[in-house]
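Scroll down for the structure; my scribbles are underneath it.
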Amino acid sequence: MSCRDIRLKFSAALDAPRDAEDRVRIEAHCAACAICGPEWRTLLRLEELMMEAPAAPAGFADRVMSALPTPAPARREIMPFAAAGLIAAAALVALQLATVATATAPWLAPVRDLMAGLTETVRARVASSPWEITGWVLAGAATIGALSGAVMGRVRQVVG
Amino acid sequence: MQDPGVPNSVVRAAQGGDRNAFRRIVEAWTGAVFGLAWRFCFDRTDAEDLSQEIFLRLHTKLGLFDPSMPFAPWMYRMSANVCLNWKKRRNPRAASIDAMGAEGEAYDVEDPRDPAAERRRAEEAREALGRAMSGLPDEARTAIALRYEQGMEVTEVAKAMEVPVGTVKTWLFRARERLRAMLAPEWEVEK
């Protein structure tokens, strides 16, 4: 091989195992050649420097973790409450529609009487004990929240 | 591929917002990321800042990773991109050999057996290499930095850069030729 051929193989030889045939041949040539030798030795020095790297400082992971932005609440924590809100809103709309329907349709008179009775009962309870009804509302909201959370979790399992 | 060995289940957990899982990734990848960052700047302080920037970028981009794919090539690719952008943001330092030793420090007469002088020469050689590296085209610079990161094979570099093996070999050849041409005069003077 000529000097030119040898130099063209320098890069491939550096990526080959040390005992590869071409590399051994290059080493032998460069040991005796005043032109190729310095070039090869510069590349070996370059390789040596490229392979050196200091270790990361101790506690580097802590530094990275403390630089991370404060986590926003995960979606799965927000979802049950959002779902509960939607369900509650839907229930209120349905109740309002039912009230309107029962007030206008004559054939729904028995239902209207039943609703009127229930409304009267609730009014009486609120008047006599307002905290009791508040407790029931809160308990209902909590139940809806828990149920919707369970449902959303199951949906995510099935979908995901 | 030099994979620091983070299971994809951990990556998935980190994608879901699990900070402990993210910490596991940081701890497993610190050595590889720091090594790569070092090969882009050859300066300890810069390498630390750059490594931190890589992990912060990972935190924001992790959701884009497809956990059905191997994590290591994606991570190396993302890290190399951060390194390249970091280089562009900084004031480019001219990779001029003329500037090297301009103050005469490389020409001082020193006792070659003096350990302090030896350390100084090694430091100067690294600085020269850093300047020369910053003068390489992006692809060549990335290829050679990845190639020497934990002794990565050429095929692994190709995988991380998503290019054919032959292309990586060409980039490595050009990178070495340019670095050799830039550094040889400096290093010859030191001998």
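The values are calculated or read from the model by the stated rules, or taken from the named source; none is laboratory data. These numbers come from a predicted model, not from an experiment. Cβ coordinates were reconstructed from backbone atoms using ideal geometry, including for glycine residues, and neighbour counts include every protein chain displayed.
Considering each residue of segment B:40-56 in turn, at least one proves to be surrounded by fewer than 19 Cβ atoms within 10 Å (Cβ to Cβ), over 16 Å from A:Ala67 (Cα atoms), touching a helix residue (DSSP H, G or I) at 6+ places or on another chain (Cβ under 8 Å) and in contact (Cβ under 8 Å) with a residue 40 or more places away in the chain. Per the conditions (1) within 20 Å of B:Asp43 (Cα to Cα); (2) free of Cβ contacts under 8 Å to residues at least 12 places away in the same chain; (3) under 16 Å from the mean Cα position of the chain (by Cα), the sole criterion not satisfied by B:Glu123 is (3). Could you please find all residues in segment B:97-129 being at pLDDT 70 or above and surrounded by fewer than 10 Cβ atoms within 10 Å (Cβ to Cβ)? Within segment B:97-129, B:Pro115, B:Ala116 meet the criteria. Residues that are under 20 Å from B:Gly31 (Cβ atoms), within 12 Å of another protein chain (Cβ to nearest Cβ) and in a helix (DSSP H, G or I) within segment B:134-156 comprise B:Ile144, B:Ala145, B:Leu146, B:Arg147, B:Glu149, B:Gln150, B:Gly151, B:Glu156, listed in sequence order.
Residues in segment B:23-56 that are within 9 Å of chain A (Cβ to nearest Cβ), in a helix (DSSP H, G or I) and more than 25 Å from B:Asn8 (Cα to Cα): B:Trp38, B:Arg39, B:Arg44, B:Ala47, B:Glu48. Looking across segment B:170-191 at every residue that is more than 8 Å from chain A (Cβ to nearest Cβ) and in contact (Cβ under 8 Å) with a residue 40 or more places away in the chain, the one that is nearest to B:Pro73 (Cα to Cα) is identified as B:Arg178.
Just so you know, in segment B:1-22 the residues that are within 24 Å of the chain's Cα centre (by Cα) and crowded, with 16+ Cβ neighbours inside 10 Å include one that is farthest from the other protein chains (Cβ to nearest Cβ), and it is B:Asp3.
One residue stands out in segment B:157-169 among those that are more than 10 Å from chain A (Cβ to nearest Cβ) and within 15 Å of the chain's Cα centre (by Cα): the one that is surrounded by the fewest Cβ atoms within 10 Å (Cβ to Cβ), namely B:Met161.
Among the listed residues B:Ala94, B:Ala145, identify the single one that is touching a helix residue (DSSP H, G or I) at 6+ places or on another chain (Cβ under 8 Å) and at pLDDT below 90.
Working: B:Ala145 fails: at pLDDT below 90.
Matching residue, one of B:Ala94, B:Ala145: B:Ala94.
Each residue in segment A:19-35 was checked for being among the small types (Gly, Ala, Ser) and either within 53 Å of the chain's Cα centre (by Cα) or surrounded by 13 or more Cβ atoms within 10 Å (Cβ to Cβ) (or both), and 1 of them qualify.
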